Amino acid sequence: MDKHSADTSASAHSGLSFGPADSSELPALAEMIGALFRLESDFRPDVAAQLRGLERLLSAPPAQARIAVARGPQGPVGVAVAQLLVSTSEGALSAWIEDVYVLPGWRGRGVGRALVGQLLDWAQAAGATRAQLLADRGNEPALAFYRRLGWASTQLLPLRLGLGHGPIADR
């Protein structure tokens, strides 16, 4: 088992399986991401938009993006997404992790750790030397979860600009 992985075997997570998403799961995953966005102040749930985003990720080359899913007896119970991009500071690939969500009844069982571990293993195998993510400042349970996994704050401040419609140069 790689240093990032949590055990994803059936013995470690009774009744669960883990792996990449398939298209039949996207509606359930979009609902989960919508639930996550209800917890975050910067985003708004829009299941149709989340579904479009997941479809784009699933259609991307497998070496570019990954949607990790934890599956229970009735379907998906957790999701996490990663994309690779080039980091000029690293001179290598960097993983951008987002949309980590586990259904409330499945939290505290290592599901989130296993999902994030799968994405980190995938990214490292693809040549990524760093991983980054954003977490809502007010979501203390998520921040504590990431700290337990070894994530640390940086001096960088995330900024965002909606591109909307029309030329940006005219602003």
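The values are calculated or read from the model by the stated rules, or taken from the named source; none is laboratory data. None of these values were measured; they are calculated from a predicted model. Reconstructed Cβ throughout: ideal geometry from the backbone, glycine too, with neighbour counts over all protein chains shown. SASA here: full protein model, heavy atoms, side chains in, ligands and nucleic acids out. Shrake-Rupley method; radii C 1.70, N 1.55, O 1.52, S 1.80 Å.
Per residue, the chain exposes 60 Å² of accessible surface when a 1.4 Å probe is rolled over the protein heavy atoms with every protein chain present. Residues Trp96, Trp122, sorted by accessible area with the largest first, give Trp96, Trp122 [1.4 Å probe; ligands and nucleic acids excluded]. Counting only heavy atoms of the protein chains and using a 1.4 Å probe, Asp22 has close to 70 Å² of accessible surface. In this Cβ point-charge picture (+1 for Lys and Arg, -1 for Asp and Glu), the chain has a dipole of about 280 debye about its Cα centre. From the square roots a ≥ b ≥ c of the eigenvalues of the alpha-carbon gyration tensor of the stretch 87-155, which class results: rounded (a/c under 1.5), prolate (a/b over b/c), or oblate? Oblate, since a/c reaches 1.5 and b/c is not below a/b. Along the axis of the charge dipole computed for the chain (Cβ charges of +1 for Lys and Arg, -1 for Asp and Glu, origin at the Cα centre), the listed residues Gly108, Ser14, Gly164 are led at the positive end by Gly108. For the stretch 114-131, 3J(HN,Hα) computed residue by residue from phi via the Karplus equation (6.51, -1.76, 1.60; θ = phi - 60°) reads 5, 4, 5, x, 4, 5, 5, 4, 4, 5, 5, 5, 7, x, 5, 10, 8, 10 Hz, glycine and proline entered as x.
When the accessible area of the chain is computed with all protein chains present and a 1.4 Å probe, what percentage of it is carbon and sulfur?
Summing carbon and sulfur atoms, their accessible area is 55 percent of the total for the chain.
Ranked by solvent-accessible area (1.4 Å probe, protein heavy atoms only, all chains present), the residues Arg56, Arg109 order from largest to smallest as Arg56, Arg109. For n ≥ 4 DSSP H runs only, could you compute -39500 (n - 2.57) per run for the chain, divide by its residues and tell me the 222 nm figure to the nearest 500? Taking each H run of at least 4 residues, the total per residue is -9500 deg cm²/dmol. In the stretch 69-156, the DSSP beta bridges split such that about 70 percent are antiparallel, to the nearest 5.
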